[in-house]
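The values are calculated or read from the model by the stated rules, or taken from the named source; none is laboratory data. This structure is a prediction, so every number in the text was calculated from the model and none was measured. Glycine gets a Cβ as well: all are built from the backbone with ideal geometry, and neighbour counts include every protein chain shown. All accessible areas refer to the heavy atoms of the entire protein, side chains included, with ligands and DNA or RNA removed. Shrake-Rupley method; radii C 1.70, N 1.55, O 1.52, S 1.80 Å.
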Amino acid sequence: MSKKQPKGEYIETDTGNKVSRRSQIIGTTNIILGGKTVIQAEVIIRGDLLRTYPASNPSEKQGNTVAVAIGRYCFFSRGCELRPPGKLYKGQFSHYPLKIADHVFVGPSSIIEAALIGSHVNIGSNVVVGKFAIIKDYVRILDGSVVPPNMVIPSFSVVAGRPARVVGEIAEGEVDGMDLREVYRAVGNG
Amino acid sequence: MASFTPYTYFQCPCTDTSTPTRNLGDEQPPETEENSDDERTFDPRAPRSNYSLYPLEHLFYCEDCHQIRCPRCVLDEIVTWYCPNCLFEVPSSTVKSEGNRCTRSCFQCPICVAPLSVSSLEAPPEGLGAELASQQNGPFVLNCAYCMWSSKETGIQFEKPNGIFAQLAKIKNGGEPILTAKDRRKDREERKRDFSGSSAAEESQENEAPINLDPNERLDPESQFSNLKAFYQTQMAESSPVSALGFTGDYGYGSPGALSRIMGLYTGGSYADKKSKTKSGTMREARDALEGLQIDPLSDEDAINKLRTEGWESTASAEQRHEQTTHTPFLSDLRPVAYLLRTKRSKRCKTCRHILSKPESKVQTTRFRIRLVALNYIPSIIIKPLQPILPTASPLLAPLNPVQFLLTFKNPLFDSVKVTLATPAKTPGRFPTKVTVLCPQFEVGANTDVWDEALRDNNTKSSLSGEKRRTKAEASEGQHQAEAGKVWERGRNWVSVVVEVVPPSLRIEDSEWLKSEEMKRDGGEVRDGEEVVEIPVFVRVEWEGEVGGEDSGLGGGGKDKEVREKRELAYWCVLGLGKVDVD
Ligand SMILES: [Zn+2]
Ligand SMILES: [Zn+2]
Ligand SMILES: [Zn+2]
Ligand SMILES: [Zn+2]
């Protein structure tokens with residue numbers, strides 16, 4: 001790598017994604033980005049961890065080539081990592097897709113191995129989201145939480161602790177503030 | 001030193017601030033102030049203040065009362081019960097009959113509260129998923145993927161992978177079956193028929209109940225409760241016939257007669273009188289396990305022995321015991337914890353009963369039918385230091401050193417508002433901060449969309465009442481000095497003003513003339529929270545809104561200007577600006 005970055009920090013795609021030149025995105029053909037998503041430096045996305053276990057119904061088959069699916073207006077802070085979750089099933093180890101909807105913020109140095117993250121989810125810094133966790137819409141996970149594997153977090157939950165548990169509810173007035181369009185617009189390409 | 005994020009809290013008017021409060025350590029309650037409401041300064045550090053201050057996002061606005069509403073002055077109404085793990089809705093009738101826990105297969109680890117998943121003992125040990133269990137053969141166990149606890153450790157295994165709640169209800173720790181309430185009831189009826197009238201001693205010896213219940217049996221808590229309940233019900237029925245008192249014996253504790261009888265249980269000891277149960281009006285106590293009595297001298301001994309051999313490690317923590325419904329001194333007593341149900345609730349104004357928030361009833365929907373949040377009615381306040389803090393500089397405020405902050409008011413209404421700010425010159429408390437708002441009165445533009453604004457600019461400039469508008473560029477170019485009486489910066493629906501504060505010195509040993517009145521009265525150490533500079537600000541918002549109120553905040557503004565009325569809203573806010581360096 002050269003010492004100086006002559007171009008901007010971010011590569012901008014046709015759909016408005018801003019992907020840091022210093023991020024590590026592996027297996028790009030298996031990753032879907034919905035658009036207007038920001039990927040900061042040192043973020044790791046493991047698109048190479050593809051499902052190897054054959055899907056039972058044919059409609060799922062084409063989905064097999066997707067390891068990580070990300071919606072619109074997501075924000076992945078410096079040094080966070082997205083890994084599709086994996087498990088042994090009938091004696092065979094396989095990864096399964098990691099799906100992330102819209103307006104999802106992931107704080108610095110957090111590790112995500114969820115099966116599903118809904119829309120308007122705010123994940124703090126240094127959080128671990130365990131394998132196959134399911135996080136519904138409008139959830140806030142506070143800094144340093146460890147969400148145990150298989151945990152289901154219902155909508156409007158505030159979650160914290162190791163292991164994480166629901167510690168509060170998202171107030172009615174907090175809902176609007178979880179939209180990330182403003183955050184996206186504020187990202188310059190310096 | 002942890003960094004400090006400035007904050008703004010709003011006071012809900014529902015709190016009664018007229019009652020004098022007492023600080024910890026005060027010897028006498030403070031004298032009631034003679035001042036009228038308007039003159040009294042709100043003290044953010046008063047013990048009562050904690051309960052009335054909220055971030056704006058947590059507040060509602062009642063359109064009928066034209067008032068802020070907080071979580072303490074709204075009524076919650078349950079719309080839907082659901083399990084937070086399987087997300088199935090539970091009808092409220094089921095909640096009444098079955099209780100407030102998920103009765104499917106949703107359990108939390110008794111050791112660490114992480115979710116438990118069902119897995120087959122025959123499956124590869126690393127198997128995580130619960131959904132795959134259906135194709136596998138039992139026995140099944142509950143596993144924690146966080147701390148690796150397994151129900152096998154307490155001797156609990158299941159035949160089927162689903163309906164774990166019902167299966168668990170029939171197994172004791174260790175694997176022995178639990179007699180169901182039905183079995184017990186049958187046994188009780190048999191006994192009553194066979195031995196009614198015989199004395200206690202005979203009864204327990206001759207007892208040959210169909211399922212052979214042992215009168216010295218160690219009962220699980222549920223069975224003990226149901227035995228006790230059944231016992232007292234028969235006692236009450238026998239000692240006071242239904243006809244005489246007019247209650248049915250089930251839960252008929254309401255009548256005065258029943259009440260005095262229950263009191264009689266404690267005052268008129270019936271231990272001595274063996275035949276007492278035959279006398280009318282007196283009751284005896286339970287005397288064996290079948291009636292719910294548990295005298296277990298062995299259990300203490302067992303516990304001591306267990307502590308001796310297995311040590312402290314084998315005991316359950318207070319937190320773990322708190323999650324359990326029964327007495328569980330040892331880890332081996334702990335049971336998987338069925339998930340408590342959660343609710344979706346609507347909120348009503350306590351004063352006028354109008355609905356302030358109503359979610360869609362379906363569990364998986366996140367939409368609201370009604371959502372009257374204060375955010376859409378009153379200006380938000382954002383705090384920023386006027387001079388940007390260098391990353392190398394201390395984030396703490398230097399004592400006795402003036403510092404300026406920028407307060408940005410953003411108007412959510414479709415009408416422009418006039419804002420008036422009032423602060424005490426010195427904040428209340430032992431270490432007062434000096435406060436000056438450079439521009440205490442200003443107008444904030446309406447929250448119209450950008451096109452509306454462009455049109456209005458051409459026609460009338462009345463909404464801004466002739467004040468000179470300063471653009472962002474002007475502000476950053478020219479004026480570096482904040483000027484009294486002038487707005488610092490303004491935009492479409494926002495205005496920034498400057499507030500200057502002089503933080504106090506927290507040194508107790510400062511010379512006498514520097515000390516505040518409070519300090520002279522009440523010396524001593526710096527208490528927790530006193531290093532935070534908190535400024536009480538009284539905000540008065542005035543505007544002309546549409547009559548009817550129904551949609552003054554959300555409906556299209558500016559369409560119909562004929563029927564308008566003056567509106568006013570006033571409330572206390574607390575600005576948390578920073579922490580003072582304690583040196
Ligand atoms: Zn209130
Ligand atoms: Zn459930
Ligand atoms: Zn556990
Ligand atoms: Zn009301």
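Starting from the stretch B:353-457, pick out the GluC sites (Glu not before Pro) whose DSSP state is loop and whose Cβ has at most 15 other Cβ atoms within 10 Å. It would help to have the intermediate numbers written out before the result.
Details: sites: B:E360, B:E443, B:E453; in loops: B:E360.
Answer by residue number: B:E360.
Near the amide H of B:A46, under 5 Å away, which other amide H atoms are found, from residues 5 or more places off or on another chain, if H is placed in the peptide plane?
none
Please give me the summed charge of the neighbours of B:L340: other residues whose Cβ is under 12 Å from its Cβ, Lys and Arg +1, Asp and Glu -1.
Numbers: positive: A:R165, B:R101, B:R342; negative: B:E323.
Spelling it out: positives minus negatives among the neighbours equals +2.
Return the carbon/sulfur percentage of the accessible area of the stretch A:53-159, one whole number, probe 1.4 Å, all protein chains in place. Let's see the in-between values first.
Details: 2000 of 3650 Å².
Taking all protein chains in place, the stretch A:53-159 shows 55 percent carbon and sulfur surface.
Taking amide H positions as placed in the peptide plane 1.01 Å from N, state which residues far from B:D288 in sequence (5 or more) or on other chains have amide H under 5 Å from it.
Amide H to amide H, under 5 Å and 5 or more residues apart or across chains, B:D288 pairs with B:L293.
What is the interface area between chains B and A, defined as buried accessible area summed over both chains with a 1.4 Å probe, reported in Å² to the nearest 100? Walk me through the numbers before you get to the answer.
Details: alone 34460 and 9770 Å², together 41430 Å².
Buried area between the two chains comes out at roughly 2800 Å².
So what's the net charge close to A:G130: Lys and Arg +1, Asp and Glu -1, counting the other residues with Cβ under 12 Å from its Cβ? Walk me through the numbers on the way to the answer.
Values: positive: A:R83, A:K87, A:K131, A:R162; negative: A:E113.
With Lys, Arg at +1 and Asp, Glu at -1, the net is +3.
Under the Kirkwood approximation applied to all pairs of distinct alpha-carbon atoms, what is the hydrodynamic radius of the stretch B:277-403 in Å?
Details: mean 1/r = 0.0426 Å⁻¹.
The answer is 23.5 Å.
How much accessible surface area, in Å² rounded to 10, belongs to the heavy atoms of B:L372 with a 1.4 Å probe?
Here the accessible area works out near 30 Å².
Output ³J(HN,Hα) for the stretch A:145-161: one whole-Hz value per residue in order, computed from phi by the Karplus curve 6.51 cos²θ - 1.76 cosθ + 1.60 with θ = phi - 60°, and x for Gly and Pro.
Per-residue couplings from phi come out as 6, 10, 7, x, x, 6, 6, 10, 10, x, 4, 6, 9, 10, 10, 7, x Hz.
Given H placed 1.01 Å from N in the peptide plane, which residues other than close sequence neighbours of B:R101 have an amide H under 5 Å from its amide H?
B:L341
Starting from the Cα-Cα distance between B:Q387 and B:E568, subtract it from 0.36 nm times their residue separation and give me the gain in nm to one decimal. Show your work: numbers first, answer last.
Working: separation 181, 0.36 × 181 = 65.16 nm, distance 3.36 nm.
Separation in residues times 0.36 nm, less the Cα-Cα distance, equals 61.8 nm.
Based on the Cβ-Cβ distance of A:E12 and B:E222, what FRET efficiency does E = 1/(1 + (r/R0)^6) give at R0 = 51 Å, to the nearest 0.05?
0.20
What net charge do the residues around B:E89 carry, taking every other residue with its C-beta under 10 Å from that of B:E89, with Lys and Arg at +1 and Asp and Glu at -1? It would help to have the intermediate numbers written out before the result.
Details: positive: B:K344, B:K362; negative: none.
With Lys, Arg at +1 and Asp, Glu at -1, the neighbours total +2.
State which entries of B:K362/B:K410; A:K99/B:K172; A:K7/A:K36; B:K96/B:K182; A:K99/B:K410; A:K36/A:K90 exceed 31 angstrom in Cα-Cα distance in the structure shown.
On the way: B:K362/B:K410 34 Å; A:K99/B:K172 41 Å; A:K7/A:K36 20 Å; B:K96/B:K182 19 Å; A:K99/B:K410 36 Å; A:K36/A:K90 39 Å.
Going by Cα-Cα distance, B:K362/B:K410; A:K99/B:K172; A:K99/B:K410; A:K36/A:K90 fall outside the 31 Å limit.
Using a Gaussian network model on chain A with a 10 Å cutoff between Cα atoms, which of A:E169, A:E42, A:E113 fluctuates the most?
It is A:E169.
Filter A:K136/B:K358; B:K170/B:K306; B:K384/B:K434 down to the pairs with a C-alpha to C-alpha distance above 23 Å, please. Mind dumping the intermediate values first?
Working: A:K136/B:K358 19 Å; B:K170/B:K306 26 Å; B:K384/B:K434 18 Å.
Listed pairs above 23 Å: B:K170/B:K306.
Using alpha carbons only, what's the Rg to Rh ratio of chain A with Rh from Kirkwood? Each step should come with its number before you reach the end.
On the way: Rg = 16.5 Å, Rh = 16.9 Å.
Rg/Rh for chain A comes to 0.98.
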